[in-house]
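Here's the structure we're looking at; comments come further down.
Taken together, the values in this text are just the output of simple stated rules run on the coordinates, not laboratory data. All figures in this text were calculated on a predicted structure; none of them were measured in a lab. Cβ sites come from the backbone with ideal geometry, for glycine too, and all protein chains shown count toward neighbours.
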Amino acid sequence: MRRIILLVTVGAMVVVGTLLVVSVAGAQKHPTAMAHKHPTRTVSIQNFSFKPANITIKRGTKVRWINKDSTTHTVTANKKRSFDSGRLGPGKSYTHTFKSAGKKRYHCNIHPDMRGSVVVKR
Ligand SMILES: [Cu+2]
């Protein structure tokens, strides 16, 4: 009888121990996994140009454009309705998450000489 109690006790400890290790490992894994799943790239709008003008990102990456000029600009996809910031005043920013792969060219609607591209990889 004592032997059975001992076996049950040891068995319960193993189960609890395993659950603890699994939950700790899961908790530690989480923040890193989140950071990798939702990275953000920043593009500055400065001196009437996008910096850097051409970037390559992974699908699901957020790109944030920050207007550092004292003039209003836009971040507008060449292909209509793909993405468009609308009028972005000085100091304002615009964020877009790229969900499909491919080369996305964009420009500023107010200053068409301003061009950039985002290459989205799978
Ligand atoms: Cu502009």
Under 5 Å between amide H atoms, partner at least 5 residues away or on a different chain: which partners does Phe50 have, H built in plane at 1.01 Å? Arg115
If the reach is capped at under 14 angstrom between alpha carbons, list the aspartates and glutamates near Lys104, excluding any in the same chain fewer than eight residues apart. Asp84
Output wanted: per-residue J couplings in Hz (rounded whole) for region 67-80, from phi through Karplus 6.51 cos²θ - 1.76 cosθ + 1.60, θ = phi - 60°, x for Gly and Pro. 7, 9, 7, 9, 10, 7, 10, 9, 10, 10, 5, 5, 7, 3
Lys58 versus Arg41, label points 7 Å from Cα toward the beta carbon: distance in nm? 1.3
If r is the Cβ-Cβ distance from Phe48 to Ser100 and R0 is 25 Å, what FRET efficiency results, to the nearest 0.05? 0.30
Spin-label pair Lys68/Val119, simplified geometry with 7 Å Cα→Cβ offset, distance in nm: 2.4
